[in-house]
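Data first, discussion second: the structure below is written as structure tokens.
Values in this text are rule-based calculations from the coordinates and carry no lab data. What you see is a predicted model, and the numbers here were worked out from it, not measured in a lab. Every residue, glycine among them, receives a Cβ derived from its backbone with ideal geometry; neighbour counts consider all protein chains shown.
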Amino acid sequence: MKRVTLALTLALAAGLTAQAADAQTLKTVKDRGVLSCGVSQGLPGFSSPDDKGNWTGIDVDVCRAIAAAIFNDPTKVKFVPTSAKDRFTALQSGEIDVLSRNTTWTISRDTSLGANFTGVTYYDGQGFMVKKSLKVNSALELNSASVCVQTGTTTEQNLADYFKANNMKYEVIAFGTNDETVKAYEAGRCDVFTTDQSGLYANRLKLANPNDHMVLPEIISKEPLGPMVRHGDDQWFDIVKWTLFALVTTEELGITSKNVDEKAKMENPELKRVLGSDGNFGEQLGLTKDWVIRIVKATGNYGEVFDRNVGAGSPLGIARGLNNLWNKGGLQYAPPIR
Amino acid sequence: MSTEARKPPAQIALKIRRVLGGKTGWNGIVVQFVFAAILGWIGYEIVSNARANLENQHIAAGFGFLRNNAGFDVNQTLISYTGSDTFLRVFVVGLLNTLVVSVVGIVFATVLGFVVALCRLSPNWLLSRIGEIYVEIIRNLPLLFQILFWYLAVLAALPNPRQSISLLGIAFISNRGLVIPQPIGQAGLDPFLLVLGFGIVAVLALRIYARRALFQRGQMIRIWPYVLGLLFGLPLATMLLVGLPFTFELPQLKGFNFAGGSRIIPEFVALTLALSTYTAAFIAEIVRAGILSVHKGQMEAGASLGLSRGTTLRLIVVPQAMRVIVPPLTNQYLNLTKNSSLAVAIGYPDLVSVWAGTSLSQTGQAIEIIAMTMGVYLLISLLTSAIMSVYGWRVSRSLGA
């Protein structure tokens with residue numbers, strides 16, 4: 001762990017001393033022929049490799065969508081697993097082009113890291129998981145508990161805030177990776193495991209007896225998760241941002257990976273604009289006119305991505321909730337493509 | 001015409017020339033100055049360039065963040081610390097945690113290493129085989145794996161706090177660690193410490209006196225009854241006179257965990273165990289090499305004087321072996337200290353975990369934090385080396401080498 005950080009820091013120092021920030025990310029990616037995408041070290045539903053080494057998850061699909069928009073080929077992505085504490089350094093040093101790794105959008109991360117959040121792919125909140133045998137029904141009953149947490153996360157700070165605000169004592173044990181944290185929780189080192197609620201459900205699947213554990217009802221924080229890009233390259237920022245918007249817009253318009261070709265032939269003015277037969281929005285982004293078609297064919301719309309990875313069609317079975325479209329009671333909303 | 005003696009050459013100028021220029025004289029000095037200037041210039045360029053680029057990319061820079069609130073908690077703190085303290089304090093907390101695990105690890109590793117080495121050298125077949133097996137197994141397995149093994153083994157073997165193992169009802173062992181009664185100072189504390197301190201000083205003085213008597217006048221003085229009296233009798237008498245120096249606060253099970261008492265966390269135990277057993281295997285080999293380097297005639301000479309094997313080792317062989325042992329032993333101490341940074345794998349809050357880990361990711365100031373961390377490890381290592389050099393010098397001097 002330390003060596004990775006050290007190597008990245010040296011790379012960062014070297015990169016910073018060699019030349020000013022390279023503002024040509026799109027050109028760099030095209031020349032390289034592959035998108036370098038920072039993901040987690042394995043969080044089911046968001047980014048995790050299967051037994052054949054193929055990466056899946058919402059965060060993975062975001063990168064596949066960007067690759068599809070650029071290369072018309074969702075496989076031209078190199079996934080770089082990053083730990084919670086190495087992720088920003090990897091982005092700053094240019095090791096990755098985009099960080100798509102269940103990362104919470106906060107003001108300090110947006111302003112002091114030399115990076116920008118491009119939008120929200122998943123509205124999450126921090127929760128707690130305990131063993132059912134403890135007979136605890138609320139997070140407010142956790143006074144004097146031992147809590148396992150992954151180091152370098154907003155989770156760690158929310159935890160301190162929550163226990164302080166509720167005047168409760170606790171013991172924190174912080175681990176370097178998600179898997180180490182879960183292992184210590186399972187070994188009984190701590191009473192409580194805390195992370196974003198989606199992560200709790202995902203990690204519960206990894207436990208030997210998932211049914212012996214329960215997620216407490218309290219959500220103690222706002223955790224809007226989204227991809228990040230480096231400061232100083234507005235074109236690249238726009239591409240990543242509008243790839244997210246394209247995913248949401250297509251769901252709103254009922255465009256799916258299956259019917260996209262039919263929809264492209266329809267004489268509806270909005271469909272024609274979005275799918276590129278009218279206007280040249282794709283070219284203004286530095287892409288091609290059919291960029292949205294490429295994205296939807298590769299990954300499907302936001303609803304399909306959600307269902308396949310974390311929703312009803314996945315082992316996690318998480319309800320849409322806040323992540324539903326704005327006109328269906330959720331928060332997912334994209335500015336118009338026009 | 002008078003003959004004048006040739007002026008002696010200016011010693012200082014000569015010395016400078018020799019130190020800086022070596023055999024090449026003044027030319028060499030010029031080359032060295034130019035080289036130093038180029039190095040300095042490159043260093044300056046790197047720093048100023050990095051600073052300008054950080055500013056261009058709007059990445060926060062500088063050490064102002066040290067005064068900001070950290071906002072996260074740490075499991076083991078040797079000084080008082082809460083989430084509302086500053087990052088600077090987090091740094092100190094992490095540093096102390098690294099130091100305590102290193103020092104305790106070094107002590108255990110040294111003792112265990114010497115014991116294993118003596119086992120391996122023992123004429124007893126079983127003992128020497130045990131020593132050999134220990135060394136061959138421990139030093140050939142990766143350290144990270146051993147740390148995880150001890151951690152998971154320790155955790156798996158221990159019950160949860162509600163079923164904790166009670167030691168006479170005052171200390172408890174569970175998978176939350178070892179909870180022991182916490183001493184709380186009472187009125188009698190100051191005189192007690194004063195007397196204890198006096199006892200220790202007096203014992204040391206007595207020892208020096210006894211050694212001098214032995215070496216200069218050949219007179220054996222039996223000092224242990226005095227030592228016992230000074231270290232135990234005197235403090236006990238004080239206690240009877242002015243009352244107990246401290247009382248103990250007993251730990252009690254409240255809710256999930258024990259309240260009151262002091263606690264040794266399992267992460268610390270596992271890390272210390274792994275580091276000291278691992279390093280002990282290397283130290284054992286170094287000690288064995290050192291002892292074997294002493295000519296066997298020394299052992300035989302001791303035997304012919306009627307000294308027992310243990311006494312010969314202690315008085316004759318080990319002091320000579322120390323000359324060979326100390327330099328590589330220093331390396332092992334440095335390795336142990338640096339290896340303690342693997343702590344992050346089992347959640348022990350050492351410097352790398354809380355500072356180069358959590359604090360780095362909370363502030364994003366990688367360059368400053370990694371530079372500080374590297375600086376601290378360098379400083380610890382140089383200090384350890386310096387102490388060991390002084391010790392090695394004393395050993396050589398006492399042998400008249």
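Pair-distance distribution P(r) for region B:13-56, from all Cα-Cα distances in 5 Å bins starting at 0: 5, 23, 16, 13, 12, 9, 9, 7, 5, 2, 0 percent.
Once you sort the root eigenvalues of the Cα gyration tensor of region A:225-338 as a ≥ b ≥ c, which label holds: rounded (a/c under 1.5), prolate (a/b larger than b/c) or oblate (the other case)? Taking the square roots of the gyration eigenvalues as a ≥ b ≥ c, region A:225-338 is oblate. Here, chain A has an Rg and a Dmax of 20.6, 64 Å when only alpha carbons are counted. Near B:GLN76: Cβ cut-off under 10 Å, other residues only, Lys/Arg at +1 and Asp/Glu at -1. The net charge is -2. Cysteine residues of the protein assembly as shown whose Cβ has no partner cysteine Cβ closer than 4.7 Å: B:CYS119.
Are there DSSP H segments in chain B that both extend 18 Å or more along their axis (alpha-carbon positions) and score a mean Kyte-Doolittle hydropathy of at least 1.0? List them, or say none.
B:87-121, B:143-157, B:189-217, B:266-293, B:366-398
When restricted to Cα atoms, the protein assembly as shown yields an Rg and a Dmax of 33.0, 123 Å, respectively. Let a ≥ b ≥ c be the square roots of the eigenvalues of the Cα gyration tensor of chain B; is it rounded (a/c under 1.5), or, if not, prolate (a/b larger than b/c) or oblate? Oblate, because a/c is 1.5 or more while a/b does not exceed b/c. Annotation: amide H of B:SER262 within the under-5 Å range of B:ILE180, B:GLN182, sequence separation 5 or more or interchain, hydrogens built in the peptide plane.
When both bridge partners sit in region A:101-196, DSSP labels roughly 40% of those beta bridges antiparallel.
Summing +1 for each Lys or Arg and -1 for each Asp or Glu among the other residues whose beta-carbon sits under 14 angstrom from that of A:GLU141 gives +3. The lysines within cross-link reach of A:LYS289, meaning a Cα-to-Cα straight distance under 23 Å and a gap of 8 or more places when in the same chain, are A:LYS27, A:LYS30, A:LYS76, A:LYS241, A:LYS258, A:LYS263, A:LYS265, A:LYS272, A:LYS297. Charged neighbours of B:THR358, selected by a Cβ distance under 9 Å, balance to 0 (K, R count +1; D, E count -1). Counting only other chain Cβ atoms within 10 Å of each residue's Cβ, the peptide A:103-111 averages 1. For peptide B:52-61, the mean count of partner chain Cβ atoms within 10 Å of a residue's Cβ comes to 6. Helix A:234-252 versus the longest principal axis of chain A: what is the Cα-based angle in degrees, 0 to 90, to the nearest 10? Helix A:234-252 sits at roughly 80 degrees to that axis.
Just rank A:THR118, B:THR247, B:THR86, fewest to most, by other beta-carbon atoms within 10 angstrom.
B:THR247, B:THR86, A:THR118
Counting Cβ atoms of other protein chains within 10 Å of each residue's Cβ and taking the mean over peptide B:63-75 gives 4.
Label positions at B:ILE387 and B:ALA301, each projected 7 Å from the Cα along the C-beta direction, are separated by 3.3 nm. Using just its DSSP H runs of length 4 or more, each adding -39500 (n - 2.57), the protein assembly as shown gives a mean residue ellipticity at 222 nm of -16500 deg cm²/dmol after division by all residues. Using only Cα atoms, tell me the angle between helix A:2-18 and the longest principal axis of chain A; keep it within 0 to 90° and round to the nearest 10. Computed tilt is about 40 degrees.
Placing unit charges on the Cβ atoms of the charged side chains and taking the dipole of chain A about its Cα centre, the candidate lying farthest along the positive direction among A:ALA208, A:ALA312, A:ASN327 is A:ALA208. Each of the peptides B:144-152, A:151-159 was scored by the mean count of other Cβ atoms within 10 Å over its residues; in descending order, highest first, they stand as A:151-159, B:144-152.
Basic side chains Lys and Arg get +1 at the Cβ, acidic Asp and Glu get -1 at the Cβ, and with that the dipole of the protein assembly as shown about its Cα centre reaches some 3300 debye. Partners of A:LYS164 within straight-line reach, counting aspartates and glutamates whose Cα lies under 17 Å from its Cα and excluding those fewer than 8 residues away in the same chain: A:GLU141, A:GLU156, A:GLU218, B:ASP73, B:ASP85. Can you bin region B:209-270 into rounded, prolate or oblate? Criterion: square roots of the alpha carbon gyration tensor eigenvalues sorted a ≥ b ≥ c, rounded for a/c under 1.5, prolate for a/b above b/c, oblate for the rest. Judged from the Cα gyration tensor, region B:209-270 comes out oblate (a/c at least 1.5, b/c at or above a/b). When both region A:263-281 and region A:136-158 are represented by their alpha-carbon centers, they are found 49 Å apart. Partner lysines whose Cα lies under 20 Å from the Cα of A:LYS132, excluding those fewer than 8 positions away in the same chain, are identified as A:LYS183, A:LYS206, B:LYS254. With Cα atoms defining each centre, region B:323-400 and region B:162-190 are spaced 32 Å apart in the structure.
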